[in-house]
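Before any comments, here is the structure.
The values are calculated or read from the model by the stated rules, or taken from the named source; none is laboratory data. Since we're looking at a predicted model, the values are computed, not measured. Reconstructed Cβ throughout: ideal geometry from the backbone, glycine too, with neighbour counts over all protein chains shown. For the accessible areas, the whole protein counts, side chains as well, though only heavy atoms, and no ligand, DNA or RNA atoms are used. Shrake-Rupley method; radii C 1.70, N 1.55, O 1.52, S 1.80 Å.
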Amino acid sequence: MSLLSIIVPCYNEEENVSFFYMELMKVQEFFANKEIEMEILYVDDGSCDGTVSEVKKIREKDERVHLISFSRNFGKEAAMFAGLENAKGDYLVLMDVDLQDPPALLPEMFAHLEEGYDSVATRRVSRKGEPPVRSFFARMFYRLMKKISKTEIMDGARDYRLMTRQMVDAILSMREYNRFTKGIFGWVGFRTKWLEYENIERAKGETKWNFWKLFLYSMDGITAFSTMPLMLASIVGVLFCVIAFLLILFIIVRKMLFGDPVSGWPSLVCIILMTSGVQFFCTGILGQYLAKTYMEVKKRPIYLIREKL
Ligand code: UDP
Ligand code: MG
């Protein structure tokens, strides 16, 4: 008998917990026929609603249901890490509790693992139901990442992914504090099969993400998987030197041909403003990396458990 661990991060999802369980139970027969046992690990990310008691209610009826409850909200990245670290399965799958990751896809995903893949990942090909501005910036983010990062980060990739124990151990060996799982999956490599599906809107409740949070998250992604922005300062520096050199030549030639009319105050102001702006911008980038490094060297735990069942 082998074991399949289903890891479900939840943050204020009391309405979805049992709904998700019911949907998941529809595929249990498929796995039972393959002699695969299931365990369901709900990771409560410091919810302040009835999420924990909902999970406990299910656990009373079904012993395969487990719970890890955080001492506060640590974010989905931490919840996924805790799930992977505490689950015991030979196969592990990460799923959202809002049913945006359809459990009905699990049999197909598993079939690909049996073909010899190490992981089966999903990506949504449409962004139906999402504000157009958000979709636009999301696309820009993935295009930028493609250019500045060596790690492959797939556009529209979800965290819904079925993996072998070997791949999960590789992921767990990456102990970094600033976790950007979409990048970590790509970084560890292994043979990955991609499945595509149309975006599904969440079952109940509301998304935990707003534009600002997503923006900050994208910055995490960039600093975690690219050092290209750090090179920007050097590139802009060289560019400005070249421009300055050409301007000097121009001024010398003009002086020799036409004498020296005193003018140029406005252009001087513009140049000063622009160069100092660029300098602040580059210092800001440095600051970003420094801040991330600061958090990394502190080696704080990624999550803290309050209750474990
Ligand atoms: N989630 C979490 N901690 C958080 C935010 C979200 O564990 O701080 C969980 C949430 O309960 C859900 C999943 O992460 O199961 C995805 O969240 P959400 O549906 O809000 O994101 P979206 O699907 O809109 O990207
Ligand atoms: Mg969702």
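Hey, Glu206 hits all of (1) part of a helix (DSSP H, G or I); (2) exposed (fewer than 15 other Cβ atoms within 10 Å of the Cβ) but one; which does it fall short on?
Failed condition: (1).
Are there any pairs with C-beta distances below 8 angstrom linking a residue in region 189-209 that is farther than 29 Å from Asp118 by Cβ to a residue that is within 16 Å of ligand 1 (Cβ to nearest atom) and modelled with pLDDT under 85, with the two at least 6 apart or on different chains, and if so which?
Once the first residue is farther than 29 Å from Asp118 by Cβ and sits in region 189-209, its partners that are within 16 Å of ligand 1 (Cβ to nearest atom) and modelled with pLDDT under 85 give Glu201/Lys128; Glu201/Gly129.
Looking only at residues that are within 16 Å of ligand 1 (Cβ to nearest atom) and touching a Pro at 6+ places or on another chain (Cβ under 6 Å) in region 11-44, which one is nearest to Ala87 (Cα to Cα)?
Val43
Checking the structure you have, find out if any residue of region 47-65 is under 20 Å from the mean Cα position of the chain (by Cα) and not polar (S, T, N, Q).
Looking for residues that are under 20 Å from the mean Cα position of the chain (by Cα) and not polar (S, T, N, Q), one finds none in region 47-65, hence no.
Taking region 183-203 as the region of interest, how many residues are exposed (fewer than 14 other Cβ atoms within 10 Å of the Cβ) and either closer than 21 Å to Tyr11 by Cβ or within 16 Å of ligand 2 (Cβ to nearest atom) (or both)?
Qualifying residue count for the region: 2.
One residue is enough: does region 284-298 have a residue meeting the conditions closer than 29 Å to Lys146 by Cβ, out of contact with any helix residue (DSSP H, G or I) (no Cβ under 7 Å at 6 or more places or on another chain) and among the acidic types (Asp, Glu)?
Yes: region 284-298 contains one or more residues that are closer than 29 Å to Lys146 by Cβ, out of contact with any helix residue (DSSP H, G or I) (no Cβ under 7 Å at 6 or more places or on another chain) and among the acidic types (Asp, Glu).
Please determine, by comparing only the residues of region 93-124 that are hydrophobic (A, V, I, L, M, F, W, C) and more than 16 Å from ligand 1 (Cβ to nearest atom), which one is farthest from the chain's Cα centre (by Cα).
Only one residue fits best here, namely Ala111.
For region 53-71, does any single residue satisfy the condition of being open to solvent by less than 40 Å² (accessible area, probe 1.4 Å) and within 16 Å of ligand 2 (Cβ to nearest atom)?
No - not one qualifying residue is present in region 53-71.
Consider Met231 carefully, then state whether it is touching a residue at least 60 places away in the same chain (Cβ under 8 Å), surrounded by 12 or more Cβ atoms within 10 Å (Cβ to Cβ) and more than 16 Å from ligand 2 (Cβ to nearest atom).
Here the answer is no, as Met231 does not meet what is asked.
Scan Ala104, Ala78 and give me the residue that is in a helix (DSSP H, G or I), small (Gly, Ala, Ser), surrounded by fewer than 16 Cβ atoms within 10 Å (Cβ to Cβ) and touching a residue at least 12 places away in the same chain (Cβ under 8 Å).
Every option except Ala104 fails the conditions.
Every residue, every condition in (1) aliphatic (A, V, I, L, M); (2) under 30 Å from Leu105 (Cβ atoms), yes or no:
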{"residue": "Ser218", "(1), (2)": "no, yes"}
{"residue": "Gly237", "(1), (2)": "no, no"}
{"residue": "Val242", "(1), (2)": "yes, no"}
{"residue": "Leu246", "(1), (2)": "yes, no"}
{"residue": "Val253", "(1), (2)": "yes, no"}
{"residue": "Gly277", "(1), (2)": "no, no"}
{"residue": "Ala291", "(1), (2)": "yes, no"}
{"residue": "Tyr303", "(1), (2)": "no, yes"}
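Exactly one condition in (1) more than 16 Å from the chain's Cα centre (by Cα); (2) modelled with pLDDT of 90 or more; (3) charged (D, E, K, R) is not met by Glu198; state its number.
(2)
Could you grab me the full set of residues in region 204-228 that are more than 15 Å from Lys292 (Cβ to Cβ) and away from ligand 2 (no atom under 16 Å from the Cβ)?
Within region 204-228, Trp212, Phe215 qualify.
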